[in-house]
1. More than 35 Å from the chain's Cα centre (by Cα) and under 19 Å from residue 194 (Cβ atoms), is that true of residue 80?
2. Looking only at the stretch 132-150, decide whether some residue is in a loop (DSSP other than H, G, I, E, B) and over 28 Å from the mean Cα position of the chain (by Cα).
3. Take the residues of the stretch 179-193 that are surrounded by 15 or more Cβ atoms within 10 Å (Cβ to Cβ) and assigned to a loop (DSSP other than H, G, I, E, B): which is farthest from the chain's Cα centre (by Cα)?
4. Based on this model, can you work out whether residue 167 counts as assigned to a loop (DSSP other than H, G, I, E, B), surrounded by fewer than 17 Cβ atoms within 10 Å (Cβ to Cβ), over 32 Å from the mean Cα position of the chain (by Cα) and in contact (Cβ under 8 Å) with a residue 12 or more places away in the chain?
5. Going residue by residue through the stretch 70-83, is there one that turns out to be assigned to a loop (DSSP other than H, G, I, E, B), closer than 30 Å to residue 177 by Cβ and modelled with pLDDT under 50?
6. Considering only residues that are in a loop (DSSP other than H, G, I, E, B) and either touching a residue at least 24 places away in the same chain (Cβ under 8 Å) or in contact with a strand residue (DSSP E or B) (Cβ under 9 Å, 6 or more places away or on another chain) (or both), which ones fall in the stretch 94-110?
7. Sort out which residues of the stretch 105-142 are crowded, with 20+ Cβ neighbours inside 10 Å and in contact with a helix residue (DSSP H, G or I) (Cβ under 8 Å, 6 or more places away or on another chain), and write them in order of number.
8. As an exercise: evaluate residue 125 against (1) in a loop (DSSP other than H, G, I, E, B); (2) in contact with a strand residue (DSSP E or B) (Cβ under 9 Å, 6 or more places away or on another chain) and give the number of the one condition it does not meet.
C-alpha cells in the first residue's frame, strides 16, 4: 500500500514537470509586435531650401551699393571720373590724360584730347561726357528739354541748348537741336567758368 502511494506521488510530479516544459507560454494581451524601423537617408538641401534658411521670409536683404554718379565733386572741382575742371596740365597727365599736342615748338596754349579741352593757363576747361553717362540728377543723352528744366531749375537757354550753373567753378552745357520742351539732349559737357580756349564750349 505504501509502495503504491509513493509511485502515484512520483508519477504525478513527473507529469507536472513534463506539462510545464512542453506547454506554450500565454501571450501578453495588447502588446505591440516588435518592428524594425527603416533607416532614413536625408537628401542634401536644394538651393531653394538653402535660400529659405539663409534668407527667411520677412528679413530684408542688404541693399546694393549705389552706382557712381556721372558728376564727381571734390573740393569744389567738378568733373567726370578722375578728370576735374581746373586740373593743371601736370595733374591731368598724372591721372591718365594722354594725346596732348602743344604744337611743334610747344607754344600752343590750348589743346584738346579725349573729349577734354585744356589750357596751360586754367587747366581743364571742358569735359564732354560719354553718350551713356548721366548727371547725378538723371539727365543724359535722350533726355528732353523739359527733363532738364525739372532737374535743374536754374537752367537757362543758350544758343547751344541749355546751361545750368553748378558752383563757382563751372556747370553743365546741354546741347540740343532746339529749345522746345520735347527736344532731346544730344550732348552734355561740363564747362569751367574761366576759359582760355576759344573753342572750349564747342
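The values are calculated or read from the model by the stated rules, or taken from the named source; none is laboratory data. Everything quoted here is computed from the prediction, not taken from an experiment. Note that we place each Cβ from the backbone using ideal geometry, even for glycine, and neighbour counts take in every protein chain shown.
1. no
2. No, every residue in the stretch 132-150 fails to be in a loop (DSSP other than H, G, I, E, B) and over 28 Å from the mean Cα position of the chain (by Cα).
3. Selected residue: 193.
4. In short, no.
5. Checking the stretch 70-83: at least one residue is assigned to a loop (DSSP other than H, G, I, E, B), closer than 30 Å to residue 177 by Cβ and modelled with pLDDT under 50.
6. Residues satisfying the conditions are 95, 96, 97, 98, 99, 100, 101, 102, 103, 109.
7. Passing the criteria: 116, 118, 123, 124, 135, 139.
8. So the condition that residue 125 fails would be (1).
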